[in-house]
Amino acid sequence: MTVAGQGADLPHGPHKTEVVRTIFDTIAPRYDLVNRVITVGLDRRWRRLCVRALGLPASSRVLDLACGTGDLAVMARRAGLRALGADFSRGMLAARHRGFPAVQADASALPLPDGALDGVVCGFALRNFTDLEGSLAEAARVLRPGGRLAVLEVAAPEGRLLRAGFDLWFGRCVPAIGGVLSDRAAYGYLPRSTAYLPAPSELRALVARAGFSGVGRRLLDGGLSQLITATRRGMPPETR
């Protein structure tokens with residue numbers, strides 16, 4: 001999914017890692033506020049659906065991958081799960097909601113043992129990973145066989161009229177709102193970063209190759225976001 005005209009001149013490789021880290025360090029103090037405004041509060045509902053999609057019993061151990069301020073971790077704890085977080089932005093970790101442990105780490109190199117977790121959730125971060133395939137493989141590695149993955153990402157409505165409105169909102173209004181409430185340059189980059197996202201079929205194939213089965217994709221609220229779910233296979237990921 002790409003907002004029209006937004007994919008040019010994006011950073012790649014180690015440069016992308018540093019750019020993204022700097023962006024999230026910068027916007028961390030008002031990140032939650034801007035999220036509420038630019039999604040008209042829908043992001044909270046999407047995060048609840050993400051945690052619910054794990055389908056795990058109480059006391060299951062869950063990682064909020066690229067946790068940011070930890071909205072998913074907090075919702076997981078409210079659902080009776082034992083949550084921890086990981087994020088490579090020191091600023092985000094400093095601004096996070098308290099009450100759950102978190103570590104600074106890249107998604108492609110998690111400091112966790114094999115099979116240590118029952119579930120992994122991730123909210124709107126896939127397009128920010130420098131090594132998406134490696135990060136998905138790491139999520140599989142730290143999950144036990146049968147463990148669950150639930151990932152939220154941006155999407156776009158398929159209808160022409162709704163898509164035009166979405167492109168206007170996400171491509172023009174979001175940077176303007178971000179500029180008023182936080183940092184315009186950062187919120188100008190975030191809509192453009194959708195160009196990093198693989199097509200839906202390719203994304204599902206990447207998840208499967210990383211070591212997951214039963215990969216599903218559900219569009220939320222007319223296609224404003226997407227929820228990817230999968231189950232960790234019993235064999236090691238094919239990419240490792």
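Assorted remarks:
- Here Val40 meets each of (1) of a type in the set (Val, Ile, Thr); (2) surrounded by fewer than 15 Cβ atoms within 10 Å (Cβ to Cβ); (3) farther than 22 Å from Cys173 by Cβ with one exception, condition (3).
- Every pair of residues 6+ apart whose Cβ atoms lie under 7 Å, when the first sits in segment 186-213 and is without any contact (Cβ under 8 Å) to a residue 60 or more places away in the chain while the second is assigned to a helix (DSSP H, G or I): Gly188/Pro175
- Residues located in segment 222-231, provided they are touching a Lys or Arg at 6+ places or on another chain (Cβ under 8 Å) and over 16 Å from Ala199 (Cβ atoms): Leu227, Thr229, Ala230, Thr231
- Flag if Arg192 is over 24 Å from Gly115 (Cβ atoms) and part of a helix (DSSP H, G or I): yes
- Residues of segment 133-163 that are among the small types (Gly, Ala, Ser) and part of a strand (DSSP E or B): Gly146, Gly147, Ala150.
- Qualifying residue in segment 152-170 (condition: closer than 14 Å to Asn35 by Cα and β-branched (Val, Ile, Thr)): yes
- Breaking point among (1) under 23 Å from Phe166 (Cα atoms); (2) surrounded by fewer than 16 Cβ atoms within 10 Å (Cβ to Cβ); (3) of a type outside the set (Ser, Thr, Tyr), for Cys50: (2)
- Within segment 151-195, tally of residues that are of a type outside the set (Lys, Arg) and touching a Gly at 6+ places or on another chain (Cβ under 7 Å): 11
Here, each number is a calculation from the coordinates, and none is a lab measurement. Only a predicted model underlies this, so the values are computations on that prediction, with no experimental measurement involved. Note that each Cβ is placed from the backbone with ideal geometry, even for glycine, and that neighbours are counted across all protein chains shown.
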